[in-house]
């Protein structure tokens with residue numbers, strides 16, 4: 001039918017058959033169907049057929065692409081517009097997109113100059129979605145029709161996809177004159193409002209910034225690489241630029257395009273955060289709303305990121321209530337009553353973010369590069385770096401004029417230049433993944449390469465030195481003896497991340513420990529993670545439970561009773577290798593052999609008490625990626641990685657027949 005129709009048109013129009021081949025006509029038809037929505041924009045949305053006349057831009061595009069005169073283009077459109085327009089099913093055919101992609105070189109050569117891209121992103125509808133804006137038809141009183149959107153505004157952008165690389169595109173917005181709302185491809189904004197409201201659902205194309213669009217599958221690819229291989233944003237961008245960008249297209253890219261075509265690290269992060277927020281709101285069945293007039297994309301995202309971080313705290317992870325055959329043992333007593341024993345392991349991993357240099361302060365740092373203190377402690381910035389000194393630091397120095405303090409600062413600089421510093425840096429990063437796999441030099445302002453007094457990698461820690469470390473001014477010790485000083489030359493970092501992991505490997509909670517992994521901090525973490533007594537698992541493994549038990553014994557009665565029905569053993573590995581046999585209290589209260597439910601009838605351990613250690617090995621791989629993130633990015637990124645990893649773990653548990661399920665939250669959180 002299609003072939004015979006084209007043959008008939010060519011036979012009836014010799015002026016076309018003389019200048020166009022059959023392949024030219026099929027390419028013309030594919031372009032019209034691919035760009036149908038764009039071409040239809042010259043007529044009202046309720047008209048379903050092709051417009052009588054081509055838009056001027058497309059008239060010029062076809063003339064250039066097929067070497068036709070203006071009259072020949074008009075004749076071509078007149079003869080083929082009905083056949084080329086096709087039906088709605090024709091434009092949604094997957095084969096059409098495949099055929100259209102073969103025409104990308106044609107678009108790059110001839111269409112861009114007429115403001116036509118292979119993709120022109122427009123709002124999902126051409127009418128206002130507010131029913132209050134519907135117009136009553138004059139010819140049919142009582143019948144209303146949605147109001148047409150007008151006043152199109154277009155600008156140039158770049159589209160990043162998994163199979164095409166960077167592609168120059170146009171973004172078009174439309175306006176409703178009745179409700180003063182402007183509609184964009186992913187969201188809408190009222191004239192006098194400062195908020196952009198995103199459409200429900202996850203779009204196939206995501207506008208991550210004003211001039212940057214990402215395909216959904218590329219966002220998903222990057223997020224998956226983050227989870228399974230600790231791939232940094234730098235290396236995600238490099239993978240895209242080297243492996244996912246066809247060379248045949250790059251040679252045709254316009255050199256004067258106002259938006260940088262290669263993908264960079266900032267665009268990757270913008271896409272990651274927005275895509276993750278859209279997924280989160282879709283799962284919660286809510287609409288994402290962001291500030292429209294924000295000074296930057298990150299400042300636009302920050303309030304929503306903080307809200308998600310808050311929602312993830314405590315029992316906020318989706319799999320917080322996870323259970324399966326590996327982490328929850330269900331038994332039946334003699335009276336036929338069912339009993340469940342749920343097992344979790346808590347442990348810390350040395351990964352953190354910059355924080356206020358005052359010990360245990362949890363306030364965020366001042367929003368300036370290199371800040372060491374929060375707003376509450378900002379006055380310390382001009383104080384001598386030696387912690388015990390209250391004098392002001394001299395201009396150009398981090399210490400006061402005191403001789404020993406100045407010698408300490410001098411030693412810090414000298415030690416940073418020594419070869420042993422490089423060795424210690426390497427040792428400290430033995431669990432970290434490389435942030436940039438091709439890095440060949442150290443940026444001057446990169447904290448990873450800054451100097452510290454011990455030459456161990458960074459100046460972001462508390463530096464300790466005594467008089468023996470300082471070059472001797474004379475033989476022998478000073479009359480006053482050696483004195484040890486502590487100084488804060490750089491930023492402090494949080495102490496560790498505490499993970500709570502079910503014995504099957506699902507991470508159900510996380511918290512940042514700022515000063516230390518003290519027993520009190522672990523108790524507070526557990527009480528926030530399990531805010532109701534009935535939500536507590538029956539088994540709480542920890543490598544320092546003997547100290548936690550000792551602390552609880554001296555706590556008020558209400559705190560003691562909170563954990564009264566929980567077994568709190570030391571995990572098997574640490575109990576055998578790190579706890580003394582002579583410690584009577586530890587053996588009496590924390591030996592895992594005490595509890596029969598922790599052993600099977602065959603005499604093996606029922607639960608894996610090393611699950612947290614194994615999760616930490618994965619979690620620690622993000623150290624180099626997150627070490628310079630601010631606290632909002634840090635928490636959001638790690639929570640998202642945990643969330644995605646949990647899904648992979650649960651899918652594997654299901655594949656292995658371990659029957660994963662979720663305990664109803666209301667059962668765990670009710671009073």
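Here is how the numbers come out for the structure above:
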read-out: Lone qualifier among 106, 164 - being crowded, with 16+ Cβ neighbours inside 10 Å, touching a helix residue (DSSP H, G or I) at 6+ places or on another chain (Cβ under 9 Å), outside the structural domain of residue 288 (by the TED database) and in contact (Cβ under 8 Å) with a residue 60 or more places away in the chain; value: 106
read-out: Residue match in segment 350-373 (condition: under 30 Å from residue 609 (Cβ atoms) and in contact with a helix residue (DSSP H, G or I) (Cβ under 6 Å, 6 or more places away or on another chain)); value: yes
read-out: Conditions (1) free of Cβ contacts under 8 Å to residues at least 40 places away in the same chain; (2) under 20 Å from the mean Cα position of the chain (by Cα): number failed by residue 305; value: (1)
read-out: Filter result for residue 171 (outside the structural domain of residue 109 (by the TED database), surrounded by 21 or more Cβ atoms within 10 Å (Cβ to Cβ) and touching a helix residue (DSSP H, G or I) at 6+ places or on another chain (Cβ under 8 Å)); value: no
read-out: Helices (runs of 4 or more DSSP H) contained in segment 603-670 and holding at least 2 residues out of contact with any helix residue (DSSP H, G or I) (no Cβ under 8 Å at 6 or more places or on another chain), under 19 Å from residue 316 (Cβ atoms) and at pLDDT 95 or above; value: 631-655, 665-669
read-out: Residue that is nearest to residue 509 (Cα to Cα), among those in segment 346-384 that are buried (at least 24 other Cβ atoms within 10 Å of the Cβ) and more than 26 Å from the chain's Cα centre (by Cα); value: 357
read-out: Filter result (over 24 Å from residue 298 (Cβ atoms) and out of contact with any strand residue (DSSP E or B) (no Cβ under 9 Å at 6 or more places or on another chain)) within segment 340-375; value: 360
read-out: Of all residues making up segment 315-343, the number that are surrounded by fewer than 18 Cβ atoms within 10 Å (Cβ to Cβ) and farther than 14 Å from residue 661 by Cβ; value: 10
read-out: Matching residues, segment 508-542, being in a helix (DSSP H, G or I) and within 19 Å of residue 665 (Cβ to Cβ); value: 526, 527, 528, 529, 533, 534, 535
read-out: Members of segment 490-503 found to be surrounded by fewer than 24 Cβ atoms within 10 Å (Cβ to Cβ) and in a loop (DSSP other than H, G, I, E, B), listed by number; value: 491, 494, 495
read-out: Top-ranked residue of segment 130-144 - restricted to ones that are more than 23 Å from residue 200 (Cα to Cα) and touching a strand residue (DSSP E or B) at 6+ places or on another chain (Cβ under 9 Å), ranked as surrounded by the fewest Cβ atoms within 10 Å (Cβ to Cβ); value: 142
read-out: Residues of segment 528-547 satisfying the condition of being at pLDDT 90 or above and within 18 Å of residue 612 (Cβ to Cβ); value: 528, 529, 530, 536, 537, 538, 539, 540, 541, 542
read-out: Residue list for segment 331-358, restricted to those being in a loop (DSSP other than H, G, I, E, B) and under 30 Å from residue 492 (Cα atoms); value: 350, 351, 352, 353, 356, 357, 358
read-out: Number of positions in segment 222-238 that are out of contact with any helix residue (DSSP H, G or I) (no Cβ under 7 Å at 6 or more places or on another chain) and surrounded by fewer than 18 Cβ atoms within 10 Å (Cβ to Cβ); value: 3
read-out: Residue satisfying condition, being assigned to a loop (DSSP other than H, G, I, E, B) and under 27 Å from residue 517 (Cβ atoms), within set 389, 400, 361; value: 361
read-out: Any chance residue 29 is in the same structural domain as residue 63 (by the TED database) and closer than 25 Å to residue 150 by Cβ; value: no
read-out: Filter result (assigned to a loop (DSSP other than H, G, I, E, B) and crowded, with 16+ Cβ neighbours inside 10 Å) within segment 266-291; value: 288
read-out: Single unsatisfied condition, residue 40 versus (1) buried (at least 16 other Cβ atoms within 10 Å of the Cβ); (2) farther than 29 Å from residue 176 by Cα; value: (2)
read-out: Residue match in segment 307-330 (condition: modelled with pLDDT under 95 and part of a loop (DSSP other than H, G, I, E, B)); value: no
read-out: Hey, residue 127 outside the structural domain of residue 55 (by the TED database) and surrounded by 17 or more Cβ atoms within 10 Å (Cβ to Cβ) or not; value: yes
read-out: The lone exception for residue 472 - which of (1) outside the structural domain of residue 637 (by the TED database); (2) at pLDDT 90 or above it fails; value: (2)
read-out: Residue that is farthest from residue 163 (Cα to Cα) [pool: residues in segment 109-139 that are in a helix (DSSP H, G or I) and in contact with a helix residue (DSSP H, G or I) (Cβ under 7 Å, 6 or more places away or on another chain)]; value: 114
read-out: Test set (1) at pLDDT below 95; (2) surrounded by 17 or more Cβ atoms within 10 Å (Cβ to Cβ) - residue 191 fails condition number; value: (2)
read-out: Selection from segment 61-77 of residues that are under 16 Å from residue 24 (Cα atoms) and either without any contact (Cβ under 8 Å) to a residue 12 or more places away in the chain or not in a helix (DSSP H, G or I) (or both); value: 63, 67, 68, 69
read-out: Qualifying positions in segment 646-671 - surrounded by fewer than 20 Cβ atoms within 10 Å (Cβ to Cβ) and touching a strand residue (DSSP E or B) at 6+ places or on another chain (Cβ under 8 Å); value: 661, 662, 663
read-out: Among residues of segment 251-265, those that are surrounded by 14 or more Cβ atoms within 10 Å (Cβ to Cβ) and either in contact with a strand residue (DSSP E or B) (Cβ under 8 Å, 6 or more places away or on another chain) or without any contact (Cβ under 8 Å) to a residue 24 or more places away in the chain (or both), counted; value: 6
read-out: Of all residues making up segment 292-302, the number that are more than 16 Å from the chain's Cα centre (by Cα) and either in a strand (DSSP E or B) or surrounded by 14 or more Cβ atoms within 10 Å (Cβ to Cβ) (or both); value: 2
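The values are calculated or read from the model by the stated rules, or taken from the named source; none is laboratory data. Note that the structure is predicted; figures quoted are calculated from it, not measured. Cβ sites come from the backbone with ideal geometry, for glycine too, and all protein chains shown count toward neighbours.
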